[in-house]
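The values are calculated or read from the model by the stated rules, or taken from the named source; none is laboratory data. These numbers come from a predicted model, not from an experiment. Cβ: placed from backbone, ideal geometry, glycine included. Neighbour counts: every protein chain shown. Note: accessible area is taken over every heavy atom of the protein model, side chains too, but ligands, DNA and RNA are not part of it. Shrake-Rupley method; radii C 1.70, N 1.55, O 1.52, S 1.80 Å.
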Amino acid sequence: MIFYVFVTILSCTLLSAISFIYFLIRKNKYGKKPLFISIVFCIIFLGIAIPMGQKPSVSFNEYKEQSSTFSFENYSDDQVNVGTFVKIIGEVTLIEVTIDGEENRFFLETEDGTFYAQNNSNEEIKNGEILTVYGKYAGKRNAVSPAISVQYFER
């Protein structure tokens, strides 16, 4: 349901931007009033769409209830479907810094193996922390490490 609302708001943003461009080109015919109205609507829709697109569509409690635990061998043997809600407990061993300086990628070392994780939560993590992560299985990174898209975690 939330996805459809997001797509609708995003479509309204696009239509507002197109109307702004149209009224900008036809400014002499229609005047400045429609130009300002269309840009105001575009900004409002964009202000709603951006935060909505960054939020996970599933709450923390739903992740906890729906997440399954698999052995590292299940991930290695491709027995876990991409997009499956998973729960993994491990230690943060290395944090990769992206171009914009955010530390949002890390390796999670478990007793059986190492997972590559993308931190999609807004919380900061530190090297050496023991975490229980909840997220979606994202397949194998470079056909080697299982990758997890982390939405939530517990310390």
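Tell me, what is the FRET efficiency for Tyr22 and Glu91 to the nearest 0.05, using R0 = 41 angstrom and their Cβ-Cβ distance as r?
The computed FRET efficiency comes out at 0.15.
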Problem set entry | Residue-by-residue Karplus 3J(HN,Hα) for the stretch 31-43, coefficients 6.51, -1.76, 1.60, Hz, glycine and proline x | x, 8, 4, x, 5, 5, 4, 5, 6, 5, 4, 4, 5
For this session: Work out the FRET efficiency for Glu62 and Leu15 from their Cβ-Cβ distance, taking R0 = 22 Å, and round it to the nearest 0.05.
Result: 0.10
Exercise. Using alpha carbons only, how many degrees (0 to 90, rounded to 10) separate the axis of helix 2-25 from the longest principal axis of the chain?
Worked result: 40 degrees
Seminar exercise, completed: Under the 7 Å Cα-to-Cβ spin-label approximation, Asp112 and Phe70 lie apart by a distance in nanometres of 0.9 nm
For this session: Determine the share of the stretch 1-97's accessible area contributed by carbon and sulfur atoms, expressed in whole percent, with a 1.4 angstrom probe.
Result: 64 percent
Exercise. If you count, for each residue, the other Cβ atoms within 10 Å and average over each peptide, how do 111-118, 81-88 line up from highest to lowest?
Worked result: 111-118, 81-88
Exercise. Once label points are set 7 Å from the Cα along Cα→Cβ at both Glu124 and Val144, what is their separation, rounded to one decimal in nm?
Worked result: 3.0 nm
For this session: Kindly give Rg over Rh for the stretch 64-155, based on alpha-carbon atoms, with the Kirkwood expression for the hydrodynamic radius.
Result: 0.93
For this session: Evaluate 2.2 N^0.38 Å with N set to the residue count of the stretch 1-93, then give the Cα radius of gyration divided by it.
Result: 1.80
Problem set entry | Percent breakdown of C-alpha pair distances by 10 Å bin, ordered from the shortest bin, for the chain | 10, 30, 24, 16, 12, 7, 1, 0
Problem set entry | Antiparallel bridges, percent of DSSP beta bridges restricted to the chain (to nearest 5) | 85 percent
Exercise. How many percent of the alpha carbon pairs in the stretch 12-53 exceed a separation of 17 Å?
Worked result: 30 percent
Seminar exercise, completed: Which residues qualify? For Gly139, with a placed amide H closer than 5 Å and at least 5 residues away or on another chain, they are Gly83, Ala147
